[in-house]
Structures are given as structure tokens and as C-alpha cells.
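The values are calculated or read from the model by the stated rules, or taken from the named source; none is laboratory data. Values in this document were obtained by computation on a predicted structure and should not be read as measured data. Note that we place each Cβ from the backbone using ideal geometry, even for glycine, and neighbour counts take in every protein chain shown.
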Amino acid sequence: MGLDNSGKTSIVLSLQKKTNLLSYYSLKPTHGVDIINLQIQGKTISLWDCGGQEKYRKMYLNDLEKYTFGVDKLIFVIDVQDIERYRLALKYLSNIINYLSSQNRKVKISIFLHKFDPNLETIENFSFNKIKAELIDEIHKIIPSNFEFDIFKTTIFTVFQKILI
């Protein structure tokens, strides 16, 4: 889950190992929920790629039981480069956490600070201290201490490689 254009579908493509540039280039916004079944280490995992446009976020929040029933792990994606929408992303996360907490559901949560491309931290707005103050510290305030969660820097950015043939 996460806001529109945060990179959720790109992450799903990467997990499916569909990592050619054309697959990313031709992405369209996810409408509603796309359910993808993956085989990982002999287990079938169902990933729900939840569209992040406002109308879908409202729909999910109005019936979170339907969208979180039986969930083992929630991955929440924040576009680290979309500074102007940090507050909106954190509010959405807070609404989800408040619901889970009110239902006494202890779902494992992974927060992906996504689009953390190589050398991004060399830009002042994306220094570790800035990201810590504006996102990481705020996430720690939102998620109660009795929830198990991790925060990751993620990217699908590929660097140029030269391999002798």
C-alpha cells in the first residue's frame, strides 16, 4: 500500500523478476487491487498491489477489514523523492495503523522508503539527517511499540554494467 506513483507496482515487477526497462516504462496506474501469486523458496505468496489513487485509498480505508484480513505482512511504500507528499503518505499510514491497532491486529510491517536511488543522499534534501527528521522519526511516532516493523531504503535503479564477453 502507499500513495499513487510511489513505486509499488515497480517493486512487484522486480519481485517477479520482470526487470527489463520496457516493463517499467509501460507501467500504468493500478486500478483497485491486482493480486499476484509468486513462488518464493517453495512457498506461494499472494501479493496485493493496491492502487494508490485517492479514490482507492478512501475505498480501502472504508473497508480495511476486507483488504487486510489474513495479511501476514503489510508493505507500505513511500516515494522518498516526493517531499511535498510526505505528510499525505504519513497520514495514510497512520490511518491504516490506527485501524489495525483498534482491531488488536499485530501485522508485521515493512516501510519502504522507495526511489532511494544511488547518490541521492548527496543531495541536501535527501541527506540521512533530513530523511530521519521528516520520515523515519515520524514513522516511529505513528507505529506503536507493540508492532513489529522495519524501515528499508529501496530502489529499482540499475547502474551501468560492463561485462566482457
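So which of 60, 86 is buried (at least 21 other Cβ atoms within 10 Å of the Cβ), part of a helix (DSSP H, G or I) and in contact (Cβ under 8 Å) with a residue 40 or more places away in the chain?
On the way: 86 fails: buried (at least 21 other Cβ atoms within 10 Å of the Cβ).
Criteria check complete, one pass: 60.
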*Could you check, for segment 22-33, whether at least one of its residues is assigned to a helix (DSSP H, G or I), loosely packed, with under 10 Cβ neighbours inside 10 Å and modelled with pLDDT under 95?*
yes
*In segment 65-83, how many residues are touching a His at 6+ places or on another chain (Cβ under 6 Å) and part of a helix (DSSP H, G or I)?*
0
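Of all residues being outside any loop (DSSP other than H, G, I, E, B) and exposed (fewer than 10 other Cβ atoms within 10 Å of the Cβ) in segment 36-54, which is modelled with the lowest pLDDT? Just the residue, please.
Filtering segment 36-54 down to residues outside any loop (DSSP other than H, G, I, E, B) leaves 36-40, 43-50, 54.
If we keep only those that are exposed (fewer than 10 other Cβ atoms within 10 Å of the Cβ) as well, we get 37, 39-40, 43-44.
On the way: 37: 93, 39: 87, 40: 83, 43: 89, 44: 90.
If we take residues in segment 36-54 being outside any loop (DSSP other than H, G, I, E, B) and exposed (fewer than 10 other Cβ atoms within 10 Å of the Cβ), then 40 is modelled with the lowest pLDDT.
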*Any chance you could count how many residues in segment 47-57 are touching a residue at least 40 places away in the same chain (Cβ under 8 Å) and farther than 16 Å from residue 4 by Cβ?*
0
_Sole residue being over 17 Å from the mean Cα position of the chain (by Cα), more than 27 Å from residue 18 (Cα to Cα) and of a type in the set (Asp, Glu), chosen from 148, 124, 138_ = 124
